[in-house]
Amino acid sequence: MSANPKVERSSAVLTERFVAVEQAVVQAGERIPADVAAQLEEHLDTVRGRLSVGVDFTVVALVGGTGSGKSSLFNALTGIDFAQVGVKRPTTSQPLACVWGENAEKLLDHLGIEPENRYKRESELDAGDEEDLQGLVLVDVPDHDSIAEEHREFVDQIVPLADVLIWVLDPQKYADAAVHTRYLQELGGHERSLMVVLNKSDTVPEVALPSLLADVGRLLSQDGLNEVPVRAVSTVSQEGVVGLRDVLAQLTQTRSAAAVRAAVDLRAAGDLLAPTVGDSEPDREDLPVSATAAILAEAADVMALQARMRDAIPTAKPGDELPTIDDEHGIDSELVEAAREKIIEPAQARLPKLWAQSVAAAVPLEGELAEELRAGMKSVPPPRLPIGLRRAKQVVLSFLWLVIIALIAWGVWLIAAPNSAPTLTGVRVPYVTQSFTDWGRPELVLPALGIALAIILLLIASAIFGAQLRRARDLRAREYGDGLRAEAAVLVGERMVAPVTAVHHSHREVREVITSVRKELEGTRPREIVRGSAHRE
């Protein structure tokens, strides 16, 4: 169970911010100057300590002198007889604490409360009656004017750690100069979280109580404690106790001083980090990926490789090896360096010096890029030969040649043995039949026409297949060239763009963390409740 579900966000939000800052420091790494890193570590150590103690409890300390009735008020507010009230010289020898909630042990250790002087409120017997005080730690501090030196030490230890101080005064001693000069005047600067309670109001005539409270306020103003709320209570008649308890209930809804201080330290860490980052990062769209890939392709002389492949395809036979890229293939180092700068320069835009250096360091050097470019292009497979198209051309042209040969043979047969050769009669073709009749060879009309038609088809088929093979050659060479260019683009994406965008991503995360931790911690502060409580009654 948390200390107070209603303000559980303090520890959750602060822990989230703390982890975010730690991760941001790791992300930034050496991009944070050494002196800034040292200061950051100090702030983070402080926050780590605060979070380990706990920030979800509101600590209210009852402070007062001997006989002020402070311990009796403690008993009245807690509903238990926990503090020992002295008889001859009523003093509280050690600080006592009552806790509403769980997991306050580290905080109580930090406050110096011994285990035997701790009491946890809202047990099963309370049946939820104390729920409105969940998250409260009420401390009865030893009497500040005790003759025991350790009492003063307890006061000095607990007061700075308290969210709210309730100074309990006795109506008979409230004007004691020692109280004001030795203690109250030393609280200058704490008045925003200070409340004064005039106890034992039952001993004061009702008609005199308003002027008495006003006089207390006047003395506080003289001490430099302006506008400090003053309340009258009586642990005997219970007058004002319920109202004071209501104020405590409101305080449990606030952010504790520890939470506020942790938020301040985290905000200070954000302020330290802020100068180390820029206002934004370059967009990925700002990086000239295509232009850089084109420069790398030029460095590898892809056009020449594509042309070489184009020339080799027509003469290559199945089983022949097409030209490949070997380990000696030249890569233009100047162009590779130009491609590197082509990415780095815009990737450094708007970034501080150390982040810009990280961008440059993230991109491999020219020699490594050249080797990877050569290796990538060697992995591009050679194109497939247009074997099917070649076979189709061979079949079609062979068939037409066979037809031509057969028609020639038929014509020779008709000439050599007209009586035995098969012939077709009655076929007349204008002009052609007459011409062959005039030559005395009318039987050669069909063979001649067939040969002419076959030759025409042969020429057409040769032209068509020739065009198709040239198109296939160009297409396959272009695909091979595109594969080489794709490898250049892959190298740009994986070994140049990806590393610099990783730096940009880290920069963005650090920048966003800075923005988040510099936000005010939401929620009411204890001092706002104190200032808003009833003024001098």
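Readers should treat all values here as calculations from the given coordinates under stated rules, not as data from a laboratory. Everything numeric in this text was worked out from a predicted model, so none of it was measured. Neighbour counts are summed over all protein chains in view; Cβ atoms, including those assigned to glycine, are modelled from backbone coordinates with ideal geometry.
Summed over all non-identical Cα pairs, the Kirkwood treatment of segment 236-332 gives a radius of 22.1 Å. Cross-link partners of LYS70 among lysines, defined as those whose alpha carbon lies under 30 angstrom from its own and excluding same-chain residues fewer than eight positions apart: LYS6, LYS88, LYS106, LYS120, LYS173, LYS200. With the highest mean first, a sort of the peptides 500-509, 312-321, 206-215, 293-302 on other beta-carbon atoms found within 10 angstrom per residue produces 293-302, 500-509, 206-215, 312-321. Straight-line cross-link partners of LYS317 among the lysines, defined as a Cα under 30 Å from its Cα and at least 8 positions apart when in the same chain: LYS378, LYS393.
What's the FRET efficiency of ILE464 with GLU371 using the Cβ-Cβ distance as r and R₀ = 51 Å, to the nearest 0.05?
Numbers: r = 46 Å, r/R0 = 0.90.
About 0.65, to the nearest 0.05.
FRET efficiency for the VAL396 to TRP439 pair, using the beta carbon distance and R₀ = 30 Å, is estimated at 0.35.
Most exposed first by the Cβ proxy, i.e. fewest other Cβ within 10 Å, how do PHE57, PHE399, PHE74, PHE465 rank?
Taking fewest neighbouring Cβ atoms as first place, the list is PHE399, PHE465, PHE74, PHE57.
Just the number, please: Stokes-Einstein D of segment 466-519 in µm²/s, Kirkwood Rh from C-alpha pairs, 37 °C, 0.692 mPa s. Answer, rounded: 225 µm²/s.
Here the peptides 33-42, 358-367 are ranked by packing, the mean other Cβ count within 10 Å, and the order with the highest first is 358-367, 33-42.
In order along segment 364-372, the Karplus-derived 3J(HN,Hα) couplings, from 6.51 cos²θ - 1.76 cosθ + 1.60 at θ = phi - 60°, round to x, 6, 4, x, 5, 4, 4, 4, 5 Hz, and Gly and Pro are given as x. When peptides 481-493, 18-30, 280-292 are sorted by average Cβ neighbour count within 10 Å, with the highest value leading, the order is 481-493, 18-30, 280-292.
Taking R0 as 60 Å, what's the FRET efficiency between LEU322 and SER280 from their Cβ-Cβ distance, rounded to 0.05? Provide the component values of the computation, followed by the final result.
On the way: r = 49 Å, r/R0 = 0.82.
Here the calculated transfer efficiency is 0.75.
Computed 3J(HN,Hα) for segment 469-480, one whole-Hz value per residue from the Karplus formula 6.51 cos²θ - 1.76 cosθ + 1.60 where θ = phi - 60°, is 5, 5, 5, 5, 4, 5, 5, 5, 5, 5, 4, 5, glycine and proline marked x. Local charge for GLY54 was computed over the other residues whose Cβ lies under 11 Å away, with Lys and Arg +1 and Asp and Glu -1, and equals -2. Multiplying the residue separation of SER93 and LEU475 by 0.36 nm and subtracting their alpha-carbon distance yields 127.8 nm. For segment 44-53, the Karplus equation 6.51 cos²θ - 1.76 cosθ + 1.60, evaluated at θ = phi - 60°, returns couplings of 5, 4, 5, 5, 4, x, 4, 5, 5, 6 Hz by residue, with Gly and Pro reported as x. The ranking of VAL380, VAL277 from fewest to most other beta carbons within 10 Å of each one's beta carbon is VAL380, VAL277.
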